[in-house]
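The values are calculated or read from the model by the stated rules, or taken from the named source; none is laboratory data. It should be emphasised that the depicted structure is a prediction, and the values quoted were computed from it without experimental measurement. Positions of Cβ are generated from backbone atoms using ideal geometry, with glycine treated the same way; all protein chains shown enter the neighbour counts. These accessible areas exclude ligands, DNA and RNA; they are computed on the full protein's heavy atoms, side chains included. Shrake-Rupley method; radii C 1.70, N 1.55, O 1.52, S 1.80 Å.
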Amino acid sequence: MKKLLAALAATTLFLFAGHAGAQNYPERTITMVVPFAAGGPTDTVTRLVADVMSKDLGQQIIVENVGGAGGTLGAGRVAKADPDGYTLLLHHIGMATSATLYRKLAYDTLNGFEYVGLVTEVPMTIVARKDFEPTDLKSLIDYVKANKDKVTYANAGIGAASHLCGMMFMSAIQTPLVTVPYKGTGPAMTDLLGGQVDFMCDQTTNTTKQIKGGTIKGYAVTTAKRLDALPDLPTAEEAGLPGFQVGVWHGIYAPKGTPPEIIERLSKSLQVALKDPNVVARFAELGTVPSPEADATPAALKAKLEGEIARWKPVIDAAGQYAD
Ligand code: ASP
């Protein structure tokens, strides 16, 4: 009996402590992990949103770049973190594609996290170094087919959005490419600007300024319609790749077991950030829009992740390239 009472008291204390912690949340700095290198598109989106969320929460959110293995290293790191609301993850579509691409992952994609909400869906662009010979998407396809052993395609590792887009491109033109993996497309862009790699596919949040400035070549955007931010850039469909559409959706996650009160507080804060005039304006300049409030919720992100795992599985299985 004594033992039972002691156990009950301990449980009550634990529950009370957990609850009290959630009530006062946040009491210290929060870390938001970006599973790609600094200076890239996921990093850009994260910093814009984290800045407003920091103000709303009254505590600083520090962005930590944990790049490598196509985003799976950073995701694994957050899955193992304490579920106390002080370590979060901002990841993109790669969360869904990695679930199929990797035979073994250090985390359970669907059950290893709590869901905070969707952030934004960013179009991709097919781009090349400034002096790359092909002038449009059709000539790029011909050139790649004719020079498949010497053309280099940059990506952010297996599981990255740039990897998915490259895989779709290779399947569409039935030609394998020589790929050069980076820890993120921030450093890949540096090499594209320096002429060390030939081409890549990347979010508009990393390419719009460069395409407009003429420092890289833009061939196509992966949306159904042209973008206001890049009106001269044709869609991939218009330019010769029927059905070539992909949007890089981003979401915020927390380790499994993070108290629901904390998740709710974070979702509310995310909703505030997505309505912030500066975020809206910067997103527009970068070719995207914030997710609507109803999508910046745990239920919407969970549904999106489940739907996207199912959507991309057959595409990945057809390509038949997996990682161990
Ligand atoms: N754009 C990258 C990707 O291909 C990731 C990044 O650096 O943000 O997934």
Considering only residues that are closer than 20 Å to Y143 by Cβ, open to solvent by less than 10 Å² (accessible area, probe 1.4 Å) and within 16 Å of the ligand (Cβ to nearest atom), which ones fall in the range 163-215?
C165, G166, M167, F169, A188, L192, V197, F199, M200, C201, D202, T207
Here is a check on your reading of the model: is L90 within 15 Å of the ligand (Cβ to nearest atom), open to solvent by 10 Å² or more (accessible area, probe 1.4 Å) and in contact with a Gly (Cβ under 9 Å, 6 or more places away or on another chain)?
no
Can you pull out the residues in the range 96-149 that are open to solvent by 50 Å² or more (accessible area, probe 1.4 Å) and under 22 Å from A220 (Cα atoms)?
E121, K130, D131, E133, T135, D136, K138, D142, K145, A146, K148
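Are any residues in the range 22-37 more than 16 Å from the ligand (Cβ to nearest atom) and either of a type in the set (S, T, Y) or buried (at least 18 other Cβ atoms within 10 Å of the Cβ) (or both), and if so, which ones?
Narrowing the range 22-37 to residues more than 16 Å from the ligand (Cβ to nearest atom): 22-31.
A22, Y25, P26, T29, I30, T31, listed by residue number.
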Checking S291 against (1) surrounded by fewer than 21 Cβ atoms within 10 Å (Cβ to Cβ); (2) within 20 Å of A161 (Cα to Cα), which single condition isn't satisfied?
(1)
Hey, among the residues in the range 59-86 that are touching a residue at least 60 places away in the same chain (Cβ under 8 Å) and polar (S, T, N, Q), which one's surrounded by the most Cβ atoms within 10 Å (Cβ to Cβ)?
T72
Taking the range 269-296, which residues are closer than 28 Å to A99 by Cα, in contact (Cβ under 8 Å) with a residue 24 or more places away in the chain and out of contact with any Leu (no Cβ under 8 Å at 6 or more places or on another chain)?
L270, Q271, L274, T288, V289
Being of a type outside the set (S, T, N, Q), open to solvent by 20 Å² or more (accessible area, probe 1.4 Å) and more than 15 Å from the ligand (Cβ to nearest atom) is the filter here, so list the residues in the range 150-162 that pass it.
K150
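Mind checking which residues of the range 250-261 are of a type outside the set (S, T, Y) and crowded, with 22+ Cβ neighbours inside 10 Å?
Of all residues in the range 250-261, those of a type outside the set (S, T, Y) come to 250-252, 254-257, 259-261.
H250, G251, I252, A254, P255 - these are the residues of the range 250-261 that are of a type outside the set (S, T, Y) and crowded, with 22+ Cβ neighbours inside 10 Å.
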Members of the range 296-324 found to be under 27 Å from V116 (Cα atoms) and part of a loop (DSSP other than H, G, I, E, B), listed by number:
A296, T297
Please enumerate the residues belonging to the range 106-129 that are charged (D, E, K, R) and touching a Gly at 6+ places or on another chain (Cβ under 8 Å).
E114, E121, R129
